Amino acid sequence: MVQNISNARCSLMLAMLLWTSLFTLLSGCVSSRIEQTRHADTGISPDEVAVLLGRASYNDKQTEASFTDCVADVMSQEPNPIRLITQAEFQDRMYPWFEPRTAPSSVAELGQIFAQPGVKERIEEAKIRYLAWIDGDTITIKSGGSMSCTISTFGAGCLGVSYWEEDASYEASIWDIQTMTETGQISAEATGTSYLAGLVIPIPILARPGNVTCKQLANQIKDFIIGDQ
């Protein structure tokens, strides 16, 4: 009886090691695409800055701050980093004109805000050249599979596979404050399937389409603003 239990444990441990080794080599599957529309030439000098703002119109909720923070981090990195003012700092500086309920939805509305006393002066003082409005969300579009976990005389373990598919879709609209024009739009989308596989130990295999979209959108915005200079 003792020998049988020992053999069973060894077999279980071997299966666990093989399962872990297999899924360590795998990663979630992600497919992505990015599109750009340009309406005007762009460029930025070293002393000018840009602002990233989350738009509160996609699915009736504001683009999550974690995504805009991710885009800002990538745009601030080498090569060719762009100086940025955070959304919170900009909204505090321009209060109440760029709060979610009062923010302009078009360049025409931005012109109306600039007509208010002191607004244009604050923008010029901060050397803000571009506003990049980011609109989008990451949602789960499909899920399935099953997993069960048990406790026995041989120990605890889980068996099964579950999955979920996420879609990360974002768009950036870039406004040139100097010329008061919308210079273009950039859209990025990624779809990824993540897995949670279990044979004794649950192993997550994450696709992270939001991270993929963040990096692609950030690099494209950076290249767009820098232009051909």
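Here, each number is a calculation from the coordinates, and none is a lab measurement. Not measured: the values here are computed from a predicted model. Every residue, glycine among them, receives a Cβ derived from its backbone with ideal geometry; neighbour counts consider all protein chains shown.
At 7 Å along the Cα-to-beta-carbon direction for both Gln178 and Thr102, put a label point, then send me their distance in nm to one decimal.
According to this spin-label approximation, the distance is 2.9 nm.
Full-extension gain between Ala156 and Ser31, please, as 0.36 nm times their residue separation minus the C-alpha to C-alpha distance.
Extra length available between Ala156 and Ser31 comes to 41.4 nm.
Hey, fewest Cβ within 10 Å first, where do Asp69, Asp92 land in order?
Asp92, Asp69
For the range 28-226, give the magnitude of the charge dipole about the Cα centre (Cβ charges: +1 Lys/Arg, -1 Asp/Glu; no others), in debye to the nearest 20.
360
Report, ordered by chain and residue number, the aspartates and glutamates lying within cross-link reach of Lys127, taken as a straight Cα distance under 13 Å and ignoring same-chain residues fewer than 8 apart.
The reachable aspartates and glutamates, counting only those whose Cα sits under 13 Å from Lys127, are Asp47, Glu48, Asp176.
What whole number of Å gives the distance from the Cα centroid of the range 150-229 to the Cα centroid of the range 55-133?
23
Amide H of Gly184: which non-local residues (sequence gap of 5 or more, or other chain) have their own amide H closer than 5 Å, using H built in the peptide plane?
Counting only residues 5 or more places away or on other chains, the set is His39, Ile174.
So what's the net charge close to His39: Lys and Arg +1, Asp and Glu -1, counting the other residues with Cβ under 12 Å from its Cβ?
-2
Tell me, what ³J(HN,Hα) does each residue in the range 164-174 have, in order and in whole Hz, if you take phi through Karplus 6.51 cos²θ - 1.76 cosθ + 1.60 with θ = phi - 60° and put x for Gly and Pro?
Each residue of the range 164-174 in turn: 8, 10, 10, 10, 10, 10, 9, 9, 10, 10, 10 Hz.
Measuring from label point to label point, each 7 Å out along Cα→Cβ, what is the Glu64 to Asp92 span in nm?
Result for the modelled spin labels: 2.5 nm.
Relative to the compact globular guide of 2.2 N^0.38 Å, what is the alpha carbon radius of gyration of the range 28-226, as a ratio?
Dividing the Cα radius of gyration by 2.2 N^0.38 Å gives 1.28.
Over the range 36-171, what is the relative contact order in whole percent, taking alpha-carbon pairs under 8 Å and six or more residues apart?
Computed over the range 36-171, the figure is 28 percent.
Given 0.36 nm per residue, what is the gain on full extension from Ser146 to Asp228 after removing their alpha carbon distance, in nm?
24.3 nm
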